[in-house]
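Following this message is one structure expressed as structure tokens.
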Amino acid sequence: MAKKILLLDGNSLAYRAFFALPLLTNEHGIHTNAVYGFTMMLQRILEEEQPTHMIVAFDAGKTTFRHETFSEYKGGRQKTPPELSEQFPYLRKLIDAYRIKRYELPNYEADDIIGTLSLEAERAGDEVIVISGDKDLTQLASPSTTVYITRKGITDIEKYTVEHIKEKYGLTPEQIIDMKGLMGDASDNIPGVPGVGEKTALKLLAAHGTVEGVYEAIDQQKGKLKEKLEANKDLALISKKLATIERQAPIEIAVDELSYGGPDQDELVKVWNELAFKSLLEKMEYTAEETEKEELTFEVLSEIDASILEDEMAVHLELYDEQYHTCDLLGVSLATAEKTYVIPMDVIKESQAFKDWFKDDTKKKYMSDSKASTAAFFRCGVEVDGVDFDLMLGAYIVNPSLTYTDLANIVQEYGYSEVSQNEQIYGKGAKKAVPADAVLHEHIARKARTIWAVRPLVLNKLQENEQYDLYRNLELPLATILGAMESLGVTVDKEQLLAMGEELSGKLVKIESEIHSLAGEEFNINSPKQLGMVLFEKLGLPVLKKTKTGYSTAADVLEKLNGQHEIISHILLYRQLGKILSTYIEGLLKEIHEDGKVHTRFQQALTTTGRLSSINPNLQNIPVRLEEGRKIRKAFIPSFPGWVMVAADYSQIELRVLAEMSKDERLIEAFKNDRDIHTTTAMDVFHVPAEEVTGDMRRAAKAVNFGIVYGISDYGLSQNLNITRKEAQAFIDRYFASFPGVKGYMNDVVAGAKKNGFVTTLMNRRRYLPDITSSNFNLRSFAERTAMNTPIQGSAADIIKKAMIDMADALEREGLKTRMLLQVHDELIFEAPPEELEKLKELVPQVMEHAVELNVPLKVDFAFGDTWYDTK
DNA sequence: CCAGTCACG
DNA sequence: ACGTACGTGACTGGT
């Protein structure tokens, strides 16, 4: 079979891409534009050309045999920008992931490798495509070789065939060399004949064919041109030699070794992920979808015979979108080893047999995202019990770093691809719609099948990692509890919010006009761009910090400028109040359901540490630190008149967890004696007795404690405390001298992460940190801080989750009407009838403090009041 | 759809 | 030398 060989000029293409595209960076600050452009070009070429053989050639080192001829060759070139150099390792990784050969040869340029290979291929009668950003390469064109040169962008290509070169220059490909000899090439510092440009060179070659031909007939020239040619004959010949691609380079690789069989998909996904090439990743998943699925037979039921409902079944409830508290329910599917059923919603709603089976806890249901299904079923009067498996939660425990939004993506991790992505079925954006029943039913059917098929794989993995207990006895029961909390919702006093909104709007109008008059112009204060112009250009305030796109106007910068201009304090106030109005008044009002409540969704399979997150609305970031914002909490009220809101929060849970995990004696002792931990830290760091610890010292010590939990760095601490790095480092040193156990623990946990590739929490939650061995300082440092932080944050999350399960049990066991409403990482919020308060004061701290037994006591503060605001 | 900002633990 | 504190979600402006 005839070969189709692609020869790529790696350096030239990388340069082209780098200068053609804006300086993109991924989330770690690595520039990616050259690699991105290269990838786009590669994708397109692969698709269009379907090559059988490929290679990417690179230049090796700084000097080549050409320097022996002309030492200034490529002289005067700008040094490769560091933003580009840093991309070459990724480029090589990328090429390897494509399973494309790479090659470089000391003393030779990529051109020569390509020239040599193309000659070999031509002799064998194979088709060749050369791809570069450098027009020099067009000299390689021949009847069987086409040279693709990138234009302007990187995917826009000009194809140089022999004919095209003839048309464009009136030259043969070989004469391209002669042209360079005469006119030179500024980018490679090839001199040519001074004063001869493209026009003259073409004219001369049209008449005489080659550089040598021109000189043989030199007497036909006259005047200035003749003088210039005669004076620079050597230069012209040297230039021609320099521009000539070596086609007999001593390469140790042959065309036969270049066969291309497609990329290593897994590796490619890894590299793209690392580079954060989201659009490419999505596209790949999309095409992966198109692979043929095995045929599935299933039955669509118009009524449910109780005999089909078995003791163990995979169950799936298809929802139209993520907002399961309000969205449409599209149908149910059931699967066992042999059978698959699809049941339309109207059939479900009518079927007593189904409802009975569903609330029978002896009938095991295998589901994925059981919380979503349970909450949605709840809305149409179907109660759920007996959830025995949750695919999404299981997979999340196995690896919390992946995204868990679509079943198809989750099971792909387990090598299963018999289910489509929702986007494939419904489309997205404005085009989203429910498809015809035939399509919809098959999609739903495949979901139950998927759960049945992948369940054993997930369970195996959980067992293998010793995480089954965490999954089965913590996350799975928690899902039910969270579902109940969400469905109950929290009552919001709409009138209160509206009244606060009125008042705030008025204030904001005044502040706005004040700011405009101080600025001497009207502008949008909410636009950092416009604000930056006003502050730093018009008013000439000093620029202390910049962002990627311009001046930083963040609060910490403005704080430092406060006092330098009257406008600053007004802007800070405007920001503060504007945030309250837009997010916490207007935003919250939009989330109130018909029942007068907000029903947040706790995402249980999202964070990498094991925490929950809260959305629509986010009830985990309701203001509390500043009084103006805190007033928002007055709008969160009990669901019944006379009831009270209750808040119970863990005191210093993360530092207690640190004490437990590090076994640091001094830290444990401090907590055993219930000392103020920040004051204790201050005593150690500043070497003073308790009574001499000032407010500032305590504040600094508090920042150090935070730093320790976050994975300390001198820079981070210095930023936070507004001190120098040296001073920050001194604090850290003294902290570690006082708490040697903590220091040892931090070292151990990073070492463990390097050895195992992951870190774990108290309950064996796991987080993989592949970057911990990266040669990139940024990535590695980030992974190291994460290694220190995740066990602490994650163990605290484990503990409160366990407390929630125990709390739900206790409320049930004690027959209390009190209900748990919210979790905010280290606190639980309830609403309670007043007569249960006395009991709760004992019970809640008791349960929370003994969710786990550690060497360090856990401490819970209990508070109650008429509104959330008053729980203090 | 991203960047900047800011709310929480 | 490198340049950042850990984990989230919502809103606004601007492409």
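Here, each number is a calculation from the coordinates, and none is a lab measurement. Keep in mind it's a predicted model, so treat the numbers as computed, not measured. No Cβ is skipped: glycine too gets one built from the backbone with ideal geometry, and neighbour counts run over all protein chains shown.
Which percentage, to the nearest 5, of the DSSP beta bridges contained in chain A is antiparallel?
So the antiparallel bridges amount to about 60 percent of the total.
Something else about it: At 20 °C and 1.002 mPa s, what whole-number value in µm²/s does Stokes-Einstein give for the translational diffusion of segment A:299-489, with Rh from the Kirkwood sum over Cα pairs?
Rounded, D is 128 µm²/s.
Listed here are the pairs A:K817/A:K841; A:K62/A:K159; A:K180/A:K228; A:K135/A:K159; A:K203/A:K233; which of them are more than 20 Å apart at the Cα?
Beyond 20 Å between Cα atoms: A:K62/A:K159.
Along its principal axes, what span do the Cα atoms of segment A:718-871 show, with the longest given first and each in whole Å?
That gives 60, 36, 26 Å along the principal axes, largest extent first.
What order do you get for A:183-189, A:777-783, A:302-308 when each peptide is scored by the mean count of other beta carbon atoms within 10 Å, highest first?
Those peptides, ordered most packed to least, come out A:183-189, A:777-783, A:302-308.
Hey, got the Cα dimensions of segment A:440-499 along the principal axes, in Å, largest first?
For segment A:440-499, the Cα extents along the three principal axes come out at 55, 36, 14 Å.
Pulled fully out, how much extra length does the chain show between A:E310 and A:A555, if you take 0.36 nm times their separation in residues and subtract their Cα-Cα distance?
Once the chain is fully extended between A:E310 and A:A555, it gains 82.2 nm.
While we're on this one: Using helices alone, I'd like the mean residue ellipticity at 222 nm for chain A: each DSSP H run of four-plus residues gives -39500 (n - 2.57), total over residue count, nearest 500.
-14500 deg cm²/dmol
Another question, then. Please list, or write none, the lysines whose alpha carbon is within less than 24 Å of the alpha carbon of A:K364, excluding same-chain residues fewer than 8 places away.
Excluding near neighbours in sequence, the set is A:K339, A:K349, A:K355, A:K447, A:K461, A:K801, A:K802.
Now for a separate question. Give me the net charge of A:K801's neighbourhood, meaning all other residues with Cβ under 11 Å from the Cβ of A:K801; Lys, Arg count +1, Asp, Glu -1.
With Lys, Arg at +1 and Asp, Glu at -1, the neighbours total 0.
Do any GluC sites (Glu not before Pro) in segment A:42-151 lie in a loop, going by DSSP, with at most 12 other beta-carbon atoms within 10 Å of their beta carbon, and if so which?
Answer by residue number: A:E72.
Which three extents, in whole angstrom, do the alpha-carbon atoms of segment A:426-570 cover along their principal axes, largest first?
So the three principal-axis extents are 67, 40, 34 Å.
How much net charge surrounds A:K494 when only other residues with a Cβ under 14 Å from its Cβ are counted (Lys, Arg +1; Asp, Glu -1)?
-4
Also: Rank by packing, highest mean first: peptides A:135-144, A:205-214, with packing defined as the count of other Cβ atoms within 10 Å averaged across residues.
Result, highest mean first: A:135-144, A:205-214.
Counting alpha carbon pairs within less than 8 Å and at least 6 residues apart, what relative contact order, in whole percent, applies to chain A?
Computed value for chain A: 9 percent relative contact order.
Here is a follow-up. Residues in segment A:461-502, backbone N under 13 Å from the label point at A:L589 (7 Å along the Cα-to-beta-carbon vector): list them, ranges by number please.
So the set is A:493-502.
Residues with beta-carbon under 11 Å from that of A:K743, excluding A:K743: net charge, scoring Lys, Arg +1 and Asp, Glu -1?
-3
Measure up A:K93/A:K240; A:K702/A:K755; A:K510/A:K579; A:K597/A:K631 against 24 Å on the Cα-Cα distance and list the ones that go over.
Pairs exceeding the cut-off: A:K93/A:K240; A:K702/A:K755.
Please compute the length gained on full extension between A:D356 and A:F523, using 0.36 nm multiplied by the number of residues separating them and subtracting their Cα-Cα distance.
53.8 nm
Kindly give the semi-axes, whole Å and largest first, of the ellipsoid equivalent to segment A:23-156, taking each as the square root of 5 times a Cα gyration tensor eigenvalue.
25, 22, 14
Scale the Cα Rg of segment A:654-796 by the rule-of-thumb value 2.2 N^0.38 Å and send over the ratio, two decimals.
1.05
Kirkwood hydrodynamic radius of segment A:501-585 from all distinct Cα pairs, in Å?
Answer for segment A:501-585: a Kirkwood hydrodynamic radius of 13.2 Å.
Pairwise over distinct Cα atoms, reciprocal of the mean inverse distance: report the Kirkwood radius of chain A in Å, one decimal place.
32.8 Å
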